[in-house]
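The values are calculated or read from the model by the stated rules, or taken from the named source; none is laboratory data. Note that this is a predicted model, so its numbers are computed, not measured. No Cβ is skipped: glycine too gets one built from the backbone with ideal geometry, and neighbour counts run over all protein chains shown.
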Amino acid sequence: MNDQAQNILIIGAGAIGCTLAWHLSGKKANVTLLARGRALEAIRQQGITLHKGAQNRGTRLIQTIDHLHAALHWDAIFVCVKQYDLAGVIASLQHADCRNAVIIPLVNGIPWWLLQTHERLRHEAREAWGPAYAGFPDVDATRLIGGVIHIPAQMRDACTVEQGGRDTLALGEIDGSMSERLAALVATIDQSDLQCKASHHIQHELWNKLLGNAVFNPVSALTNATMHQMLNDPGLRTLCAQLMGEVMQVGSALGLPQDISVEARLAQSESAGHARTSMLQDAWAGRRIEGDTLVGSVSRIARCLGVATPMLDGIWALLHQRFMRAS
């Protein structure tokens, strides 16, 4: 394995992008953050400050750029944007001279490459994904590494991030192999405070996270409840359990069964404490929510597979009416 520091680009200066940049900076990696607007200006002037719980972990200066430079060489590119912005970012990476870089999308929801590489869904992927699928360019799967990040985080201001709960990251080759590039990337991240593991089954890891995202995000956005409130209110916990059971059934039909019970998965989520889901944060801030990505796409995949999801379909109808109909 090459001991030379890796050149890592992080695209997106939201909570996850800033958290990742803070942890990886100076840890056997040359980290650059692609940011724009107010975030770019603030990070250039002040760096990124990270709070974990009640502790201020300090401020770190991060190298920034505001657009892709063809002259710069990247070993790995982490894409930390909303799913509805992902197609445009992937297309820009195709046009820029980033051919030698491995691309790791760290986004919520079902990645487009999962539908492209799934035997049963391959020819129905456009219908299952929805309108946004048409915007994705064809990307050689060998250029991708799947990623799942478990870090509850939110921005306090343009350059201050609050991190809570878990701080784990799973990476995996789409074909399940244990490649040299995967091992090198995991080793680099392990130099930081983050816990990173190499997964032989990254698709299963993705669906396990979706069990939480497709359930807690819409329920929180519709009720204004935090994770603690959803998991400690008997009615909401029962609703979340029913929704999670349906998402598990869809995963099983896709060949991605989860080796965990619904109740155990709910208990696992209690570590998030009083965190607000990303969808609730977006709803409060008046931003576009990832409703179609996290809920609508699962509902459509269920229809393609002939799996009944009445609770999920109902939540999707409510979410669409409340937040998305006008757009």
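Observations
- Checked against the criterion of being within 19 Å of the chain's Cα centre (by Cα) and either touching a residue at least 24 places away in the same chain (Cβ under 8 Å) or within 27 Å of residue 302 (Cα to Cα) (or both), the candidates 187, 198 yield just one match: 198.
- Residue in region 261-284 that is acidic (Asp, Glu) and surrounded by fewer than 15 Cβ atoms within 10 Å (Cβ to Cβ) present: yes
- Tally of residues being buried (at least 23 other Cβ atoms within 10 Å of the Cβ) and of a type in the set (Gly, Ala, Ser) across region 5-44: 5
For every residue, the table says whether it meets (1) within 26 Å of residue 152 (Cβ to Cβ); (2) at pLDDT 90 or above; (3) acidic (Asp, Glu).
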| position | (1), (2), (3) |
| --- | --- |
| 3 | no, no, yes |
| 14 | yes, yes, no |
| 18 | yes, yes, no |
| 26 | yes, no, no |
| 32 | yes, yes, no |
| 58 | yes, yes, no |
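- No other residue among 59, 49 is touching a Cys at 6+ places or on another chain (Cβ under 9 Å), farther than 16 Å from residue 104 by Cα, surrounded by 15 or more Cβ atoms within 10 Å (Cβ to Cβ) and among the β-branched types (Val, Ile, Thr) apart from 49.
- One residue alone among 13, 21 is assigned to a loop (DSSP other than H, G, I, E, B), within 20 Å of the chain's Cα centre (by Cα) and of a type outside the set (D, E, K, R), and that residue is 13.
- Residue match in region 167-177 (condition: closer than 14 Å to residue 15 by Cα and under 16 Å from the mean Cα position of the chain (by Cα)): yes
- Of all the criteria given as (1) touching a Phe, Trp or Tyr at 6+ places or on another chain (Cβ under 8 Å); (2) outside any helix (DSSP H, G or I); (3) more than 20 Å from residue 224 (Cα to Cα), the one not satisfied by residue 308 is (1).
- Residue in region 15-37 that is among the charged types (D, E, K, R) and within 23 Å of residue 148 (Cα to Cα) present: yes
- Meets criteria (in contact (Cβ under 8 Å) with a residue 40 or more places away in the chain, assigned to a helix (DSSP H, G or I), among the hydroxyl-bearing types (Ser, Thr, Tyr) and out of contact with any helix residue (DSSP H, G or I) (no Cβ under 6 Å at 6 or more places or on another chain)) for residue 32: no
- Only residues that are surrounded by fewer than 22 Cβ atoms within 10 Å (Cβ to Cβ) and under 19 Å from residue 60 (Cα atoms) were counted across region 152-169, and they come to 9.
- Of everything listed in (1) part of a helix (DSSP H, G or I); (2) crowded, with 16+ Cβ neighbours inside 10 Å, the single unmet condition for residue 258 is (1).
- The residue of region 285-305 that is surrounded by the fewest Cβ atoms within 10 Å (Cβ to Cβ), among those that are on the phi < 0 side of the Ramachandran plot and not in a helix (DSSP H, G or I), is 287.
- Check on residue 266, farther than 30 Å from residue 175 by Cα, part of a helix (DSSP H, G or I) and at pLDDT 95 or above: no
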